[in-house]
1. Can you work out which of the residues in the stretch A:99-114 that are surrounded by 15 or more Cβ atoms within 10 Å (Cβ to Cβ) and not in a strand (DSSP E or B) is farthest from the other protein chains (Cβ to nearest Cβ)?
2. Quick check on my filter: what residues within the stretch B:46-103 are assigned to a strand (DSSP E or B) and of a type in the set (S, T, N, Q)?
3. Scan the stretch A:46-63 and report the pairs whose first residue is open to solvent by 40 Å² or more (accessible area, probe 1.4 Å) and whose second residue is at pLDDT 95 or above and polar (S, T, N, Q), with Cβ atoms within less than 8 Å and a gap of 6+ or a chain change.
4. Tell me the residue from B:45, B:33, B:60 that is away from chain A (no Cβ under 11 Å) and modelled with pLDDT of 90 or more, please.
5. What number of residues within the stretch A:6-18 satisfy the criterion of being open to solvent by less than 100 Å² (accessible area, probe 1.4 Å), farther than 9 Å from residue A:113 by Cβ and at pLDDT below 95?
6. What's the total number of residues in the stretch B:64-112 that are more than 11 Å from the chain's Cα centre (by Cα), among the hydrophobic types (A, V, I, L, M, F, W, C) and open to solvent by less than 40 Å² (accessible area, probe 1.4 Å)?
7. When residues of the stretch A:76-111 are filtered for being among the polar types (S, T, N, Q) and modelled with pLDDT under 95, how many remain?
8. So which residues in the stretch A:76-85 are surrounded by fewer than 17 Cβ atoms within 10 Å (Cβ to Cβ) and in a strand (DSSP E or B)?
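The values are calculated or read from the model by the stated rules, or taken from the named source; none is laboratory data. Nothing here was measured: the structure is a model prediction, and the numbers come from that model. Cβ coordinates were reconstructed from backbone atoms using ideal geometry, including for glycine residues, and neighbour counts include every protein chain displayed. When the accessible area is computed, the model is the full protein with side chains, heavy atoms only, and any ligands, DNA or RNA have been set aside. Shrake-Rupley method; radii C 1.70, N 1.55, O 1.52, S 1.80 Å.
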Amino acid sequence: DTEVTQTPKHLVMGMTNKKSLKCEQHMGHRAMYWYKQKAKKPPELMFVYSYEKLSINESVPSRFSPECPNSSLLNLHLHALQPEDSALYLCASSQDFGRVTEAFFGQGTRLTVV
Amino acid sequence: GQNIDQPTEMTATEGAIVQINCTYQTSGFNGLFWYQQHAGEAPTFLSYNVLDGLEEKGRFSSFLSRSKGYSYLLLKELQMKDSASYLCAVRRLTGGGNKLTFGTGTQLKVEL
């Protein structure tokens, strides 16, 4: 199983809503990532979790709140988003944050903020 | 900071060979990755280089020169399905660990 599964695939939310994006992997990877990708742009790193601890926060606004309940799951809680936050949110995992191994990406959640 | 540059677009013919270049400037270099991304889909891993030289994987090869801050991805026997965005990504060792930063991507169009 080399899959990273993200739910939901599509999400439309209002600026006052609270929603969560979910990511799951069963490859035994100990590093998990959230990326944001706008149309025709490369993915931009948001957060990195290593061994279930937040290792990197790329100065992401607090309206995005990550959570890693266990080694297989990664959530991104959304609250009071702005229309400019509309993007494809990609989750990825890799074997270990400290080693040079490839990251596997999920299919992403396409988020629209109205 | 760091800078990763790739051509924005390239066009090639089915069956031909195409080379996509990537130049980078970064501190703490710890590997260079190539990913393929079809429109609306997730990036998929193609190859990575840590040491100088050529890595070959079927129709795809990737080359790295660390001293020049330069890499290329070589695609042989192009197929229509190879039309996609190709992302060069540099892994950099920071105080918090390894970070993977993507270049702007090269949109490859394969024509008959």
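1. My answer is A:101.
2. B:47, B:49, B:61, B:62, B:65, B:71, B:85, B:94, B:98, B:101
3. Final answer for the pair search is A:63/A:82.
4. Unique residue meeting the criteria: B:60.
5. 0
6. Here the count works out to 5.
7. Count: 5.
8. Within the stretch A:76-85, A:77, A:79 qualify.
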